[in-house]
């Protein structure tokens, strides 16, 4: 039976407020001795319910029991959302210490065997696993999602359309998963290859132009039994029908709070600049999907260390130049919102690749990353790899 009320969804956008922000961060639950994934979500959740009601409302399950998500809730703006999220991070890491588990934050676990992971037994995740089988079971990945409130459903769809060509740049900047199934994958974001390139209705969406066109798409999926819930549409940017937001879902989970914060700020700036461009009637740039996919592959393979195609001029540019273009384009909105969006010289994938090239084992690289994550997220203090600078 359908779980989607499309009339209610349109109403959610009619009552949305521009620029509200929600943040979702996914963490791996780890054995502190071995750093293996362990299925401890239910215990962590029970303890939170018993001891910290505010944290309990922020915690959410994901597909596997060795994963936990925290959510900021709806912040009035990006600063409010980041403050809310940092408070939840500190409480989550305190809970993890009490329960004697570690928390990891990279796009994938470096060596976990998906066949050993237990799935969450909610109705939603049972539907996902029953429907997708191997594709769902193999998906042991972790990401950062950012919601930005956008008033009016037609406008939200058009903002998503404008964001399509920017998704590879955001992925390249966030790439943080080079290890998978006990190997150096040779990719900057193997999470994207495992999840985004495998799930149906995932990756770069079509441009729909209007709410009616997007609604027609959803109604076809419903009528043909392709989906039962709107959350079974996993596009890397989508109108979120329950929240009245544009949700950007392209980024790997980040290993430091500073990088996660900077990405959140940049995403908010991109969404709000798209809304402004739409309001001012600026022409939308809609390259063919196959060309956006070409850049998506470059972001998966090389991340921030590679090149992206400037689809306007038809030339290759260093990924860092594409970041700079984003900053220049969003400068008006960032100035108004007080957003700097500063990033380290090397992102997570680059740091992991450098350590591995120097002779560290995969286990040693991951152990260092987990320690860095704990130090950064539990207290919100800057850590050495994120001496930030504008890209």
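Bear in mind that the values in this text are calculations on the coordinates, not laboratory data. This is a predicted model, so every value here is computed, not measured. Methodologically, a virtual Cβ is constructed for each residue, glycine included, from the backbone with ideal geometry; neighbour enumeration extends over all protein chains shown.
Considering only 264, 231, 245, the Gaussian network model of the chain with Cα springs below 10 Å gives its largest mean-square fluctuation to 231. Between the C-alpha center of the stretch 37-61 and that of the stretch 78-108 there is a gap of 12 Å. Between the stretch 206-236 and the stretch 133-194, the alpha-carbon centres lie 19 Å apart.
For the stretch 6-371, the share of DSSP beta bridges that are antiparallel, to the nearest 5, is 90%.
Counted over all Cα-Cα pairs of the chain, pairs farther apart than 30 Å make up 35 percent.
Per the Kirkwood formula applied to alpha carbons, the stretch 263-391 shows a radius of gyration over Rh ratio, Rg over Rh, of 1.02. Against the compact-protein benchmark of 2.2 N^0.38 Å, the Cα-based radius of gyration of the stretch 273-322 scales to 1.31.
Normalised by residue number, the volume inside the convex hull of the Cα atoms of the stretch 123-177 is 143 Å³ per residue.
Which of the three applies to the stretch 53-97, rounded, prolate or oblate, going by the alpha-carbon gyration tensor with a ≥ b ≥ c and a/c under 1.5 meaning rounded?
prolate
For the chain, a Gaussian network of Cα nodes joined below 10 Å ranks 359, 203, 348 by mean-square fluctuation, and the top entry is 359. Ranked from largest, the principal axis spans of the Cα set of the stretch 45-199 equal 44, 38, 31 Å.
Note: relative contact order over the stretch 6-371, using C-alpha pairs below 8 Å and six or more positions apart, is 21 percent.
Which order do 217, 366 fall in if you start with the one that has the fewest other Cβ atoms within 10 Å?
Starting with the residue having the fewest Cβ neighbours, the order is 217, 366.
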